[in-house]
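For reference, the structure is listed below as C-alpha cells.
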Amino acid sequence: MPYGDGVHGEPVEREGAGRVAFGVLGPVTAGSDRGPLALKGPRHRAVLARLIVARRRVVPVSRLVDDLWTDPPSGAVGAVQTFVAALRRVLEPDRPPRTPARLLVTEGPGYALRAEPDAVDAWRFEAAVATAATLPAPDALPRLDEALDLWRGPAYAEFAQEDWSRGERSRLTELRLQAVERRAETRLALGRPADAVPDLDAHVSDHPWREDAWRLLALALYRQDRQGDALGVLRRARTVLVEQLGTDPGPRLRRLESDILAQDPGLDPLAEPETAAARLWATATAAYDRTVAAGARARLESTVGLIRDLAVTGGGGLRAARDHRLGAISAAEEFGDPELTARVIGAYDVPAIWTRSDDPELARQVVAAAERTLAALPGGGAQDAARCRLLATIALEMRGTHSPRGPQAAREAVGTARDLDDPALLAFALNGRFMQSFTRAGLAGRRDGIGAELIALSARHGLVTYEVLGRLIRLQARSALGDFAAADAHAAAADRLAERHELPLVAVFTEWYGALRSAASGDRHRAEAAYRAAALRLDGSGMPGLERGLLPLALLCLRLAQRAPSASVSVSAGVDAAESGVDLTEDWGPYRPWVEPLALLSSGRPAEARAALRALPEPPRDLLYEAVCCLEARAAAALGDRAALRRAHARLAPAAGELAGAGSGLLTLGPVDVWLAHPQAAHR
C-alpha cells in the first residue's frame, strides 16, 4: 500500500471536556484524557461498579446499602452519600461548586451513572461482538480482536464474590468464551488455521467442557496437514468429557472424527482457491480482450482501476503504477472529454501517508492536468463529485509545497464531500487535508483528529485502506504527543489490517515506528540496530520520497537526542561526539542542507558552516519539519548565530510539549521544550 507516497479503556475525547472511561473487564478502573483517576477505598470502587452493573439505571440508596454490607451499620446511608460525593470529585474534578453532577447523578430514590454507551469497556466489548456477528469474515475478525483485547482479567475482578455482580460476571464471561471461539472460526474461514491453534489450545485447557472449542482445534490442526494431531485432540476431548463430566462427545465431535478419518474434502473448502482464482482471471481477461475494443473508453477506465490496485500490492506494483499513471491521464485527455479525464485522474484515490512526493515531476504534471480538467468541466451540480476528486488529487499531489493552492483545494474537497454525503469521497478528501496540515509546527492534535475521523468513517463503510491510513496518522500524531501506548495500539491495528488485506507496505511504517519506540525510550544501541533493520525494508519499497537520506538522518537524530543545544554548546567549545562523524559522502537525500553545517563544524570549518547555515532554505512543510528545525537550532547554537537560533526557536515554539520529529512516526530528537530552552534564543 503506498502509504509512503490506547491502551485498554482509552478515554474518548469530547469537544471541550475530558471524557471519563471505565474499565470492568479486570479490576475496576476509571480514567480520563488526563490519565488514570484515583479511586479511593474498596467501598468507593464497589459503589462505582454497582452503578455500572445497573447500565445507566437508577440504583436506590437502600439497595446500595444492602449490596455493600451484609449487616449495614447505623450510618450506612450517610456513608453511601459520602462515597458518592468522593466519586463525584474524582470523576468531575472541574465541576464548579454547587452545580449538579452530569455523570454520577442523583435521581429519585438513588443514584445513576450516566456513562455514554462506549465509555465502559464491557459495553464496548458487547457492541463489538454483536457487530462482528453481522459482518463477513474479513471485517468481523478485527472487531473480534478489538473486543477481546479489552479484557485485562476476570470481569469485576475484585467483586467476584458479591451477589450483585455474579449474574453480570457470568454473562460477560460466557460472551467472552463465545467470542474466542467465534474468532477462531473466523480465522479458519479466512484460511488461517495456524493463527487459530495457540488460542484454542489454551482455551480448551481452561474450559475443557466446551465441545465447540475442541472441534475447532481439531479442525485447525487438520487444515495444517496435521491429521494425527487432530485425531489426538479428539481422543483427548473424549477422555476429558467422560472423566470430568460423565458424558460422551456430542454429534458434531463424533462426525468430525469420522470425516477426518475419511479425509472428507469438505473439511478444507479453501484448498483450491488459488487455482480457482487463477482460472477465473485467465478466462475473464481473455473474454475482455475479445469483446472490448482496443481503443474503447471502457478499456482505459478498467486500466486505471488496475493501476490503482497495483499501487497497493508492494514496491514493484507501486513503481509500475507510478510509471503508468501519467500515460493513462494523457490517453484520457486525447479523447477531449473532460468528464472522462476527471474520472481517470480521480480514480487514483490511493491513500498516502508520507508527505514528500516520490516523484515531484510526476506530481507537478498530475496537478496541471487536474487544473486543466477542472477548468474544462461543465458547470452545474452534476459534476460536483468529479470536481471533489480533482481537488483532493491536487491537495495530495501538492504535499510538502509552500503554495496556498494545496490547502485551498483540501478545504474545498472536504466541504464538497461532506455536502455530497459520500463516505469514500470524504475519505479521499480527508487524505488531502492531512497532506496540507503541515502549515506550521505543533499541529499533531489536528492531525490526530483527521486520523480519528478516517478510522470511524472507514470502519462504518468498509474502507479498509483508509482505516489503515487513519491508524498510521494517529500513530504519528500520538507519537508526537508522547502517547506511545495509544500509538502502539494503532500500530498493532494497522498491522492486523495489513496482514488480512495483503497490504505489505504498511509494515515499512510500523517497523520504523518500532525503532522510534526504542529511540524514545533512550535505548540507543537497540534503536540503532532497529533502524538498520527497518532500513532494509525500504529497499525495493518503491518509495524514494521516504527512502532517500532517512537512515543516516535517523542515526544522527538518535545521537543528537542525547544532547540538545545548551549554553555550553558553542563554536568556541567545539562540537561534541554527536556531530562528529557526520559524513557528507553518505546519501542524505533532501536533508543534506540541514546536515551540512554540522558536517562542516565537525571537520573544523566554522566559516563554511556559517555560510551553509545562512543559506538554508525554508524547511519543507512535511512530517520532518520539526526535525530539520532542530538541526538548524543545533548548528546555530554551536556557531553562536543568535538570529538563526531565534528563527529556529520561532518555528519550533508552536510544538512546545511535543517530541521533536516523532510526528513522523520514524525518529525523534527528544522533547521540543529542551530545544527551546537555549538562552540565546530569548535575547532580542
Checklist (1) within 25 Å of the chain's Cα centre (by Cα); (2) closer than 17 Å to R50 by Cα applied to R183, failing item: (2)
Residue in segment 113-126 that is closer than 30 Å to A79 by Cβ and more than 30 Å from the chain's Cα centre (by Cα) present: yes
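How many residues does segment 271-289 contain that are touching a helix residue (DSSP H, G or I) at 6+ places or on another chain (Cβ under 8 Å) and at pLDDT below 75? Write out each step before concluding.
Going through segment 271-289, the residues touching a helix residue (DSSP H, G or I) at 6+ places or on another chain (Cβ under 8 Å) turn out to be 271, 288.
Right, trim to at pLDDT below 75 and you get 271.
Matching residues across segment 271-289 total 1.
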Where T285 falls short, out of the listed (1) part of a helix (DSSP H, G or I); (2) crowded, with 18+ Cβ neighbours inside 10 Å; (3) of a type in the set (S, T, Y): (2)
Yes/no for R440 being in a helix (DSSP H, G or I) and either surrounded by fewer than 21 Cβ atoms within 10 Å (Cβ to Cβ) or out of contact with any Ser or Thr (no Cβ under 6 Å at 6 or more places or on another chain) (or both): no
Single residue of segment 413-437 satisfying the filter (assigned to a loop (DSSP other than H, G, I, E, B) and charged (D, E, K, R)) that is farthest from A342 (Cα to Cα): D421
Unmet criterion (only one of (1) touching an Asp or Glu at 6+ places or on another chain (Cβ under 9 Å); (2) within 23 Å of L550 (Cβ to Cβ)) for G316: (1)
Helices (runs of 4 or more DSSP H) wholly inside segment 298-401 containing at least 2 residues that are surrounded by fewer than 21 Cβ atoms within 10 Å (Cβ to Cβ) and at pLDDT below 90: 315-334
Residue check for A494: within 21 Å of G542 (Cβ to Cβ) and open to solvent by less than 10 Å² (accessible area, probe 1.4 Å): yes
Residue check, R634 out of contact with any Phe, Trp or Tyr (no Cβ under 6 Å at 6 or more places or on another chain), of a type outside the set (F, W, Y), farther than 26 Å from G657 by Cα and in a helix (DSSP H, G or I): no
Residue match in segment 405-419 (condition: modelled with pLDDT under 95, polar (S, T, N, Q) and surrounded by fewer than 19 Cβ atoms within 10 Å (Cβ to Cβ)): no
Flag if A456 is of a type in the set (A, V, I, L, M, F, W, C), assigned to a loop (DSSP other than H, G, I, E, B) and at pLDDT 95 or above: no
Residues located in segment 39-87, provided they are part of a loop (DSSP other than H, G, I, E, B) and open to solvent by 80 Å² or more (accessible area, probe 1.4 Å): K40, R55, R56, R57, T70, D71, S74
Leading residue by the ranking (nearest to G514 (Cα to Cα)) among those in segment 641-660 that are assigned to a loop (DSSP other than H, G, I, E, B) and out of contact with any Cys (no Cβ under 6 Å at 6 or more places or on another chain): E658
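The values are calculated or read from the model by the stated rules, or taken from the named source; none is laboratory data. Every value quoted in this text rests on a predicted model; they were computed, and no experiment measured them. We place every Cβ from the backbone using ideal geometry, glycine too, and count neighbours over all the protein chains shown. Surface accessibility is based on the protein's heavy atoms, side chains included, excluding ligands, DNA and RNA. Shrake-Rupley method; radii C 1.70, N 1.55, O 1.52, S 1.80 Å.
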